[in-house]
Amino acid sequence: MIRIKEGVDISGLRPEILLVLPVAQSILDEMSWAVNIVVTSGREGKHSIGSFHYNGLAIDLRTREMEPGQIPHFVQHMKTCLGVQFDVVLEDTHLHIEFQPKGTA
C-alpha cells in the first residue's frame, strides 16, 4: 500500500515523478513483500539548493519498513524499472528518487 506521511506536500508533483509510485508498488507485489511505501518528502522540507524536490521532480520513500536485506534488491529493481532518466539514490533513512533526463531519448 502507498501512504503519504502527514505533512508531506504532494501538490505540484510532476507526472514524471508520480510514475515512481506504481512502479514501486509493482516491485513489492512481484517480490511478495508486505511492506508499505511511505512518501516522506515531496515539495516541502529543507533540501539542498537546486534540489529537484522544489520543482516537483523528486520524492523520498521510507526504507525503514524493509528488512535490511530487501533494500539493495528494491533499489536495484527501481533503477532497472525506471531507467536512466531517473536518479535513484539510497540515503541513510530513505530512497531519494528524481526525474533527471540525460541526453536524448
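Values quoted throughout were computed directly from the atomic coordinates according to the rules given, and no laboratory measurement underlies them. Here the structure is a predicted model, which is why all the values come from computation and not from measurement. Glycine gets a Cβ as well: all are built from the backbone with ideal geometry, and neighbour counts include every protein chain shown.
Remind me, relative contact order of the chain in percent, using alpha carbon pairs under 8 angstrom and six or more residues apart?
Working: 162 pairs, mean separation 28.9, N = 105.
Relative CO of the chain lands at 28 percent.
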Please identify the trypsin sites (Lys or Arg not before Pro) of region 6-105 that satisfy two criteria: DSSP loop assignment and at most 12 other Cβ atoms within 10 Å. Which are they? 46, 64, 102
Projected onto the charge dipole of the chain (unit charges on the beta-carbon of Lys, Arg, Asp and Glu, signs +1, +1, -1, -1), the Cα from 36, 96, 52 with the largest positive-side position is that of 52
To the nearest 0.05, the calculated FRET efficiency linking residue 33 and residue 89 through their beta-carbon distance, R0 being 22 Å, is 0.60
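Based only on the alpha carbon positions, what is the Kirkwood hydrodynamic radius of the chain, in angstrom? Working shown, then result.
Numbers: mean 1/r = 0.0720 Å⁻¹.
Computed over Cα pairs of the chain, the Kirkwood hydrodynamic radius comes out at 13.9 Å.
Work out the length of the dipole vector of the chain about its Cα centre, built from +1 on the beta-carbon of each Lys and Arg and -1 on the beta-carbon of each Asp and Glu, and round it to the nearest 20 debye.
Working: 9 positive and 13 negative charges, 37 e Å.
The dipole magnitude comes to about 180 debye.
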In the chain, which longest range has no GluC sites (Glu not before Pro) that are both DSSP loop (not H, G, I, E or B) and surrounded by at most 15 other Cβ atoms within 10 Å? 7-43
Straight-line reach only, C-alpha to C-alpha below 28 angstrom: list the lysines that residue 5 could link to, leaving out same-chain residues fewer than 8 apart. 46, 79
